[in-house]
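A.B. asks: Mind looking over this structure? Questions follow.
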Amino acid sequence: VTFHLAPAGRAAVSVTVADGMSVMRAAVTNAVPGIIGECGGQAMCATCHVLVREEFLDRLAPAGADEVDMLEFSVSGRDEARSRLGCQIHLGPALPALEVDIPASQY
Ligand code: FES
């Protein structure tokens with residue numbers, strides 16, 4: 001999975017992770033700034049908020065109602081099209097690569 005950190009100008013961080021790992025866990029494990037994962041992946045904190053790049057949006061299942069509710073409380077607000085909780089996206093054979101931006105207000 002490749003993380004592109006916002007704002008533009010910061011170097012992108014590329015990390016490779018094991019199948020099944022969430023975007024949140026991948027970021028925390030690799031000390032990617034802006035992703036905290038305070039609730040441990042329970043969709044209850046929104047400190048794992050990411051903005052999925054448009055070319056990857058159709059590879060993801062839609063966000064559930066709980067995920068959408070939590071995103072509404074995120075520090076930077078929800079982008080209806082691109083906002084997701086990193087803990088609810090899992091990398092693996094069905095999603096072998098992903099690019100996300102991390103809202104600038106999270107770091
Ligand atoms: Fe808390 Fe994702 S880690 S909502």
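Where a number appears in this text, it was derived from the coordinates with a stated rule and is not lab data. Since this is a predicted model, take the numbers as computed values, not measurements. Note that each Cβ is placed from the backbone with ideal geometry, even for glycine, and that neighbours are counted across all protein chains shown.
A.B. asks: 7 Å from Cα along Cα→Cβ at both residue 18 and residue 31: what's the point-to-point distance in nm?
C.D. replies: Roughly 2.1 nm, to one decimal.
A.B. asks: Under a 5 Å amide H to amide H cut-off, with H placed in plane at 1.01 Å, what residues pair with residue 98 once short-range neighbours are removed?
C.D. replies: For residue 98, the qualifying residues are 2.
A.B. asks: Using Cα pairs under 8 angstrom and six or more residues apart, how large is the relative contact order of region 2-106, in percent?
C.D. replies: Reported as a whole number, the value is 41 percent.
A.B. asks: Let me see the P(r) profile for region 1-53: every Cα-Cα distance counted, bins of 10 Å, each bin given as a percent of all pairs.
C.D. replies: 25, 56, 18, 0
A.B. asks: State the three equivalent ellipsoid semi-axes of the chain, derived from the C-alpha gyration tensor as the square roots of 5 times its eigenvalues, in descending order and whole Å. Don't skip to the end; give the middle numbers.
C.D. replies: On the way: eigenvalues 60, 51, 38 Å².
Semi-axis lengths for the chain are 17, 16, 14 Å.
A.B. asks: Taking 7 Å along the Cα-to-C-beta vector as the label spot, tell me the residue 90-residue 61 distance in nanometres, rounded to one decimal.
C.D. replies: With each label point 7 Å from Cα toward Cβ, the separation is 0.9 nm.
A.B. asks: If you place +1 on the Cβ of every Lys and Arg and -1 on the Cβ of every Asp and Glu, how big does the dipole about the Cα centre of the chain come out, in debye to the nearest 20? Don't skip to the answer; put the middle values down first.
C.D. replies: On the way: 7 positive and 13 negative charges, 66 e Å.
Dipole magnitude for the chain comes out near 320 debye.
A.B. asks: Based solely on its DSSP helices, what 222 nm [θ] is calculated for the chain when runs of n ≥ 4 H residues each add -39,500 (n - 2.57) and the sum is averaged over all residues, nearest 500 deg cm²/dmol?
C.D. replies: So the calculated ellipticity at 222 nm is -3500 deg cm²/dmol.
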